[in-house]
Structures are given as C-alpha cells and as structure tokens.
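Below: the structure, in structure tokens.
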Amino acid sequence: MKEKSLWNKDFLLDTGINFIVYLIYYLLMVIIAVVAKDQLNASLSEAGLASGVFIVGTLLARLQLGKNIELYGRKKTLYCGIVFYFVSTLFYFYIPNLEIMYGIRFLNGLAYGIISTATNTIITNCIPVKRRGEGINYYGLSTSLAAAIGPFLGMVLMLIANFNVVIIICAILVGLCVIGCFMLQINEIELTDEQIKRMKNYSIDNYIEPRVIVISVIALFMGFAYSSVLSFLAAYAREIHLVQAGTFFFVVYAVVITITRPLTGIIFDRKGENYVLYPCYLFLAVGLYILSITDTAFLLLLSSVFVGLGYGTFMSNGQAVCIKLTHPHRVSVALSTYFVALDLGIGIGPYILGNMRNVFSFSQLYTVAGVIAFFCFILYFLFYGRKACSNKIAEETIIAMEKSPD
C-alpha cells in the first residue's frame, strides 16, 4: 500500500488554520496593551493584565481539552472551537471599559486554547509515520512564522489603521478558518470501554501525560527565557537607540526558521532528537547573550538569528518528541501538557522578569535569560538526552505501545 504524501489536503488545511489562529493571537497580544492604555486610560499593570487574562483562559482550555478531546470528538471540538473563536473575536468591537475587555480577553483565550489544542491533535493523523519529525517541523513552522509575523503586522496595522479595522481583518481571517475547518477530513480515535472509563476519572494523569513531563518542564523554562524577547525587546531597542533595527528583529527570525525548519525535521527523523535539541538550547543562550551586549544593529539582528535557531526550532521539535513518546489515544493529553508548560513560561516570564527590572538593567535581564536557556541544556542532558542515544527511548516506546493494550 502506497504511503500517503506529506503534502496532502488535510495537512495543508490544518497547518493553514493553525497559522491564522496563532497569527491573530500574536497580532492582538502585541497591541492590546496599547489599546487598553490609549482608549481605556489603563495603567501599565492594568494593560499587562489584559495579556495575562488571555493566557489564563488558554491554560484552562488546554487542560480540559487535553483530557477530554477524544471523548468529545476531534471534529466536534474543532467546529465548536473555531465558531467560538470567531464570535469572541467580534466581541472586541465593544470594549467600553477594562472589565469588559478582561472578560472578552478571557473568552478569546478559551477559544484560542480550544482550537489550537484541536489543530495540534488532528495534525498527528495527517502526517505519514515515517516522516513525522519532518511533518511536525513543517507544521510547527506555521506557529513560529505566526509568532514572527503577528507582532510585526500588529504594529504596522496600528500605525496605519484604528483598532476596529484590525478586528475586521481578524474576523475575516477567522471566517476563512471556519470554511477550512468544514473542508477538513478528521479521523477520530476509537476508544475502548476501559480507556473511556479511565478518561472520565478526575485523576492527575488525565490532565498531565507522565511520559512528556521532562520535555514539558524544559519547555516552561524555554518559554520563560524567550518571553524576555517578546516583552522587552521594544523597550530595550529604544534604550540602546536601535528602534529601526528592532523592528526587523522578528522579520529576520521568521526568515531563519523558514530556511532551517525543513532541515531540522529531516535530521530529527534520521538522526534523532538529540541532534536537533542540544543545539537549540545553546543557540538560544548565545542569542540572548549577544542581545545583552548589543550596541549595533548588526549585533541585534545577529541575535535574532540565534534566537530563531534556538527557540523557533525547539517549539516544533519539542512537540515532535511528545508525539513520539505517547500512545495515540494520549497524544492530546501529551500536547496539552507540553503547550500548557510553554504558555505558562511565556505568561509568567514577563511578570517575574519585569519585577527584576527594578534591580537589573535590560542587559542583565537578557544575561539571566541566557543562563536559563543554558540550564535547559543541562536539564535535557540529565533527564532525557543521555537516555535517548540511538533513539533508544523511541524504540522502547514503540515496543511498549505494541505490547500494551493501553
């Protein structure tokens, strides 16, 4: 039987939907604080809370859906999620005060968590098994590009248009996703009675997949380190008088991951995760260190190259590791565990590092973030990497899956 092509219709549709969903998330994330301050006279902390409330909604959705998406059904979850995302996006047209804004951000975060969990789970059945690392890297490219293009697009739109125009554009994009979702062929996982019974129990392993704890903890620290770039780059660029170069930081980031992503996926499949993940931690640490000593446009953009090679590559390859280690019916829980940790790191990073700003300079903060990235290298080596040589973990996992009815 001929193996299906990686670039099949469902793979392209799910990847495209995921890209737009994440694009809107990052686009709004970078401008919502500005809207809160300019239109609702919010303080800096109140404006920052608009971002935090969104993350709370996302985490709650990921935790609940990671446990129950196979029970509810992937198709039903996807359809409900995308409609909810569309409706909650329209709510932005009415934000008369901060309380209403917080409520809308929470609901939009819930919707984002639902739809992103669904697309991340569905993609696993759209990729040929032998090309899983490559496929996940191409799919992950949609997320990484959205993380680069979204903030850039948001800043540009706010310069040339008002907030209502931005929401109209976002609503049109989500509308296209709604159409795409109904064109997507979705394979459901058939659960045994025993699996259904276990999933309905309110036990910790229904919310957290033990097999991916290590890579998820590392993801939390990687997200924490990268949050220093998302949150403080604009202010740092102003402080060192490199605003124009700072504008192109995420553009260079996007170009780098676009060029390197296909290669890292092939390396993952042929050589194993160690050959991809060890360099990720070092590249991010180097990128953040260069950022801490930046005093020229060249150094600033050079740091974006290493940050892209580090964090941009880690995001999708960490996801590929989760899929590799997990039973098919537990993939949704594994991915939920991973992305909850990643989102949590990005969510708490700005708050903790922001408080440290009272003591440290921006340069010192980026040094701290670089040390945290290198700490991820040590964690990975101690608790995963040295056991994964020659794909030993993958082989043991496959054997366990074949023998175990679970």
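Restricting the stretch 32-47 to residues that are surrounded by fewer than 19 Cβ atoms within 10 Å (Cβ to Cβ) and not charged (D, E, K, R), the residue that is farthest from Thr117 (Cα to Cα) is Asn41. Scanning the stretch 60-78 for residues that are under 21 Å from Val174 (Cα atoms) and within 21 Å of the chain's Cα centre (by Cα) gives Ala61, Arg62, Leu65, Arg74, Thr77, Leu78. For the stretch 267-281, the criterion of a residue being of a type in the set (Lys, Arg), modelled with pLDDT under 95, within 19 Å of the chain's Cα centre (by Cα) and under 26 Å from Phe381 (Cβ atoms) is satisfied by no position.
In the stretch 269-279 there is no residue matching the filter, namely being surrounded by fewer than 20 Cβ atoms within 10 Å (Cβ to Cβ), aliphatic (A, V, I, L, M) and assigned to a helix (DSSP H, G or I).
Of all the residues in the stretch 218-249, those that are closer than 20 Å to Ala33 by Cβ, more than 15 Å from the chain's Cα centre (by Cα) and among the hydrophobic types (A, V, I, L, M, F, W, C) number 7.
Close contacts from the stretch 175-187, counting a first residue that is touching a residue at least 60 places away in the same chain (Cβ under 8 Å) and a second that is surrounded by fewer than 12 Cβ atoms within 10 Å (Cβ to Cβ), with Cβ to Cβ under 7 Å and a gap of 6+ residues or different chains, come to none at all. Within the stretch 154-181, being outside any helix (DSSP H, G or I) and among the aliphatic types (A, V, I, L, M) holds for one residue alone: Ala161.
Within the stretch 178-191, the presence of a residue that is under 27 Å from Ala234 (Cβ atoms) and at pLDDT 85 or above is excluded. Selection of the stretch 225-264 for residues being at pLDDT 80 or above, among the hydroxyl-bearing types (Ser, Thr, Tyr) and in contact with a helix residue (DSSP H, G or I) (Cβ under 6 Å, 6 or more places away or on another chain) yields Tyr226, Ser227, Ser228, Tyr236, Tyr253, Thr264. Restricting attention to the stretch 246-268 and to residues that are touching a residue at least 60 places away in the same chain (Cβ under 8 Å) and among the hydroxyl-bearing types (Ser, Thr, Tyr), the residue that is surrounded by the most Cβ atoms within 10 Å (Cβ to Cβ) turns out to be Tyr253. Just one of the listed residues (Ile172, Ile204, Ile160) is more than 22 Å from the chain's Cα centre (by Cα), within 22 Å of Val34 (Cα to Cα), surrounded by fewer than 17 Cβ atoms within 10 Å (Cβ to Cβ) and not polar (S, T, N, Q), namely Ile160.
More than 24 Å from Gly265 (Cβ to Cβ), under 17 Å from the mean Cα position of the chain (by Cα), in contact (Cβ under 8 Å) with a residue 12 or more places away in the chain and not assigned by TED's automatic domain parsing to the domain that holds Val305 - does that describe any residue in the stretch 140-151? Checking the stretch 140-151: at least one residue is more than 24 Å from Gly265 (Cβ to Cβ), under 17 Å from the mean Cα position of the chain (by Cα), in contact (Cβ under 8 Å) with a residue 12 or more places away in the chain and not assigned by TED's automatic domain parsing to the domain that holds Val305.
Specify which of the listed residues (Phe375, Phe314, Phe381, Phe339) is touching a Lys or Arg at 6+ places or on another chain (Cβ under 8 Å) and assigned to a helix (DSSP H, G or I). So the residue among Phe375, Phe314, Phe381, Phe339 that is touching a Lys or Arg at 6+ places or on another chain (Cβ under 8 Å) and assigned to a helix (DSSP H, G or I) is Phe339. From the list Arg211, Arg238, the one residue that fits, being outside any loop (DSSP other than H, G, I, E, B) and without any contact (Cβ under 8 Å) to a residue 24 or more places away in the chain, is Arg238.
Those residues that are of a type in the set (Phe, Trp, Tyr) and buried (at least 24 other Cβ atoms within 10 Å of the Cβ), I need them from the stretch 101-157; list them, please. Matches in the stretch 101-157: Tyr112, Tyr139.
Does Ala320 satisfy the condition of being in contact with a Phe, Trp or Tyr (Cβ under 8 Å, 6 or more places away or on another chain) and crowded, with 23+ Cβ neighbours inside 10 Å? Against the criterion (in contact with a Phe, Trp or Tyr (Cβ under 8 Å, 6 or more places away or on another chain) and crowded, with 23+ Cβ neighbours inside 10 Å), Ala320 qualifies.
The values are calculated or read from the model by the stated rules, or taken from the named source; none is laboratory data. Quick caveat, the model's predicted, so the values are computed rather than measured. Virtual Cβ from ideal backbone geometry, glycine too; neighbours counted across all protein chains shown.
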